[in-house]
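Visitor: The structure follows.
The values are calculated or read from the model by the stated rules, or taken from the named source; none is laboratory data. Values in this document were obtained by computation on a predicted structure and should not be read as measured data. Neighbour counts are summed over all protein chains in view; Cβ atoms, including those assigned to glycine, are modelled from backbone coordinates with ideal geometry. Accessible surface areas use protein heavy atoms only, side chains included; no ligands, DNA or RNA. Shrake-Rupley method; radii C 1.70, N 1.55, O 1.52, S 1.80 Å.
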Amino acid sequence: MKILHVYKTYYPETTGGGQHAICQIATTTIPHGCQHRVLTLMADKQGERRVPRPEAEVIRYPSDVDVASTPMALAAIAGLKEHAQWADVVHYHFPWPWGDVMHLLARHGKPSVVTYHSDVVKQKYLNLVYKPLMWQFLKRVDAVAATSPNYAESSPVLRQLPKEKLQVIPFGLEPSSYPDADAARVAAWKERLGERFWLFVGQLRYYKGLHYLLDALKEDDFPLVLVGGGPMETELRAQATRLGLKNVHFLGQVSDEDKMALLAGCYGFVFPSYLRSEAFGLALLEAAMMGKPMISCEIGTGTSYVNLDGVTGIVAKPENPEALKQAMRRLWNEPELAAQMGLAARARFEAEFTPERMGQLYATLYRDVAHVH
């Protein structure tokens, strides 16, 4: 089976949850006989057009313009039509409005599926204009995969899809695709940061809720390590200074080896995203894989599917520094409970989020829409 993924951005130019999800879908379906290409755009007009990677060949087109976080390239329409002829199934990753346009104009005629990563949340007014296009796109694809039952039930778009078109396929992670947590590296980070610290990993974006998390530290000033960069970094640093926080460490982007060492060494993982833009939270899943207790917020998405309240961690009220503070204080002061929840997180990962399970479900979906068995 040959699968062509279509998404607005991909490695090596950018990193993020969408890119990571595509990589894991490709990686976990290769054992089921799937080959992958990723058709994407790039900001660098001089960049390499074809980039080989272990999971897929990346086909890149320079973007012509970017409007409201939607890069567009006219050349990619012909590119989609061309590369779809290679594929048995075209796999779109939603939301990317230009991808909808490409599908409707390319008319490649191949079976198509969509992974529905998130509703369109931020662009409320543009969404009014976009909705007719979106529905034409979703109407014409063969199947839509939601990433959690929580999102399938809470999304106003997914609730309107015919039940026979919608499936739930949670993300899974392949542990062997991550470097081992080196003991010496873990020890070095603990010497620098302290024996116990909270960890956040992700892009520093508005919907991550990190400004609420910093407010939650005003009284306790727990050691907090923030891994990742993004548009909110300057503002968050200024907030930490203004609040007089002495134990907040902004590490920026780190290597995968350092990320795994920090995950292995942290006391617990805190993920305060407060908007539905956070549709799943692959960083939470990485923390569960490493057996860490988690704190997240109830936003009706997959974050509460990964982190079960009272079992694998605590699910707090969103946009509420006091709720975050109480959750952190409770786990900090009850190490036995934190350890128990960490063990439960690892057990749930092994039961629900294995690469074998995701790979099998996507491989079956591909065969079903292509009528290949």
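Visitor: Only one of Gln239, Gln203 is of a type in the set (S, T, N, Q) and more than 19 Å from the chain's Cα centre (by Cα). Can you tell me which?
Guide: Being of a type in the set (S, T, N, Q) and more than 19 Å from the chain's Cα centre (by Cα) holds for just one of Gln239, Gln203, which is Gln239.
Visitor: Could you tell me whether Ala279 is free of Cβ contacts under 8 Å to residues at least 40 places away in the same chain and among the aliphatic types (A, V, I, L, M)?
Guide: Taking the combined requirement at face value, the residue does not satisfy it.
Residue-wise test of (1) under 30 Å from Val120 (Cβ atoms); (2) crowded, with 19+ Cβ neighbours inside 10 Å; (3) touching a Leu at 6+ places or on another chain (Cβ under 6 Å).
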{"position": "Phe222", "(1), (2), (3)": "no, yes, no"}
{"position": "Leu236", "(1), (2), (3)": "yes, yes, yes"}
{"position": "Ala240", "(1), (2), (3)": "no, yes, yes"}
{"position": "Asp256", "(1), (2), (3)": "no, no, no"}
{"position": "Met260", "(1), (2), (3)": "no, yes, no"}
{"position": "Gly265", "(1), (2), (3)": "no, yes, no"}
{"position": "Pro272", "(1), (2), (3)": "yes, yes, yes"}
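Visitor: Moving on to the next point. Under the condition of being among the hydroxyl-bearing types (Ser, Thr, Tyr) and surrounded by fewer than 19 Cβ atoms within 10 Å (Cβ to Cβ), which residue from the stretch 100-153 is modelled with the highest pLDDT?
Guide: Tyr130
Visitor: Moving on to the next point. Does the stretch 355-373 contain any residue that is without any contact (Cβ under 8 Å) to a residue 40 or more places away in the chain, crowded, with 16+ Cβ neighbours inside 10 Å and among the small types (Gly, Ala, Ser)?
Guide: Within the stretch 355-373, none of the residues are without any contact (Cβ under 8 Å) to a residue 40 or more places away in the chain, crowded, with 16+ Cβ neighbours inside 10 Å and among the small types (Gly, Ala, Ser).
Visitor: Could you check how many residues of the stretch 333-354 are more than 16 Å from Leu308 (Cβ to Cβ) and either in contact with a Gly (Cβ under 8 Å, 6 or more places away or on another chain) or open to solvent by 70 Å² or more (accessible area, probe 1.4 Å) (or both)?
Guide: 5
Visitor: Right, another one. Would you tally the residues in the stretch 242-276 being hydroxyl-bearing (Ser, Thr, Tyr) and either under 14 Å from Gly228 (Cα atoms) or in contact with a Ser or Thr (Cβ under 7 Å, 6 or more places away or on another chain) (or both)?
Guide: Result for the stretch 242-276: 2.
Visitor: When you go through Val90, Val101, Val120, Val113 one by one, which is the residue that is among the aliphatic types (A, V, I, L, M) and assigned to a helix (DSSP H, G or I)?
Guide: None of the other options fit; the residue is Val101.
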